[in-house]
1. Pull out the extension gain between His35 and Glu243, defined as 0.36 nm times the separation in residues minus the alpha carbon to alpha carbon distance; nm, one decimal.
2. Please report the antiparallel percentage of DSSP beta bridges with both residues in the chain, rounded to the nearest 5.
3. Measure nothing fancy, just the Cα-based angle from helix 165-176's long axis to the longest principal axis of the chain, in degrees from 0 to 90, nearest 10.
4. Starting from the Cα of Glu18, step 7 Å along the direction of its Cβ; do the same at Arg116; then give the gap between the two resulting points in nm.
5. May I ask you to list the lysines whose Cα is less than 26 Å away from that of Lys12, ignoring any residue fewer than eight positions away on the same chain?
6. Mind checking which lysines have their C-alpha under 24 Å from Lys137, skipping anything on the same chain fewer than 8 residues away?
7. How do Cys147, Cys194 line up, fewest other C-beta atoms within 10 Å first?
8. If I fit a long axis through the Cα atoms of helix 54-67 and take the longest principal axis of the Cα atoms of the chain, what angle between them do I get, 0 to 90°, rounded to 10?
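Laboratory data are not the source of any read-out in this text; all were calculated from the coordinates shown. Not measured: the values here are computed from a predicted model. Note that each Cβ is placed from the backbone with ideal geometry, even for glycine, and that neighbours are counted across all protein chains shown.
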Amino acid sequence: MAGVPFDQMQGKIWLNGEFVDWADAKIHVLTHGLHYGSCVFEGERAYGGVVFKSLQHTQRLHASANTLDFKLPYSVEEIESAKAEVLRVNNFTDAYLRPFAWRGSEMMGVSAQKNRINVAIAAWQWPSYFDPEERLKGIRLDIASYCRPDPRTAPVHAKAAGLYMICTISKHAAESKGYADAMMLDWRGRVAECTGANIFFVKDGVLHTPEPDCFLNGLTRQTVIELAEARGIEVNVRAIMPEELDGFSECFITGTAAEVTPVAEIGPYHFTPGEISKTMFEDYIAAVTPVSAPQKVAAAG
Ligand SMILES: Cc1ncc(COP(=O)(O)O)c(C=O)c1O
């Protein structure tokens with residue numbers, strides 16, 4: 001896959017209820033979703049043919065669309081079976097899935113009352129390379145200059161394309177300084193999350209993570225909290241100020257793509273990926289791995 005542009009890959013994409021060849025899954029340049037950000041999406045991963053938390057992702061896609069004032073023309077069940085079909089038709093077992101929905105081309109203005117709602121599901125191969133030693137080195141994060149907005153300013157709980165504008169700018173700025181990603185503060189100056197992942201810290205054996213009151217409450221984040229609690233690790237969900245970063249021993253980020261990735265540095269603050277980060281990424285990998293892997297494709301909630 002490396003190097004092949006995403007519009008030139010091979011395979012089938014599910015587009016408005018039908019499978020089309022990868023190269024034919026096109027939209028017009030005058031598409032509302034492109035001009036006005038009226039697009040919602042999901043990022044999901046299949047492990048051994050089973051989409052982790054598939055149902056919750058599809059429910060979140062519906063909820064994100066509702067937040068943007070549109071309704072998906074396919075039910076949760078229809079999208080669930082379409083996702084399983086996408087894996088089956090493309091013969092994928094370890095893959096990333098990208099279901100998305102956007103307003104079409106019928107009207108081109110801020111008002112889009114009559115625009116068709118389009119839905120597509122693409123998937124590409126994405127094996128989870130699990131090299132504990134490599135991961136435990138930890139990644140380096142910059143501190144972004146953009147902040148996660150006040151919920152009165154933007155639909156912060158939707159996984160909506162428009163919200164990623166500040167993420168791409170922040171990630172580019174971080175990369176240009178040699179960092180892997182950027183941690184973002186929120187509109188009040190509190191620690192929020194990264195550009196595409198949630199964040200956790202460790203102090204004296206306790207996990208600390210920000211309250212997701214103005215950013216995405218990731219499914220991976222929720223899973224990690226459950227896994228930690230199942231092990232008897234205390235999880236303190238609270239407001240975290242950047243000055244506190246000095247006092248944490250470990251840090252890791254969570255997300256469908258990132259899984260559980262330890263962090264070694266955030267700007268001037270240093271962390272040593274340790275036992276809790278290792279335990280959480282091992283527990284997460286165990287949770288996403290189907291019991292009888294490798295299996296044939298099926299969507300599972
Ligand atoms: C901004 C942002 N925050 C958090 C997450 C983590 O969410 P999840 O764990 O559901 O993938 C993602 C990834 O979808 C994201 O894009």
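1. Result for the pair: 71.0 nm of gain on full extension.
2. Around 75 percent antiparallel, to the nearest 5.
3. 50
4. 1.0
5. Lys26, Lys53, Lys71, Lys83, Lys159, Lys296
6. In chain and number order, the partners are Lys171, Lys177, Lys203, Lys278.
7. Cys147, Cys194
8. Helix 54-67 sits roughly 70 degrees off the main axis of the chain.
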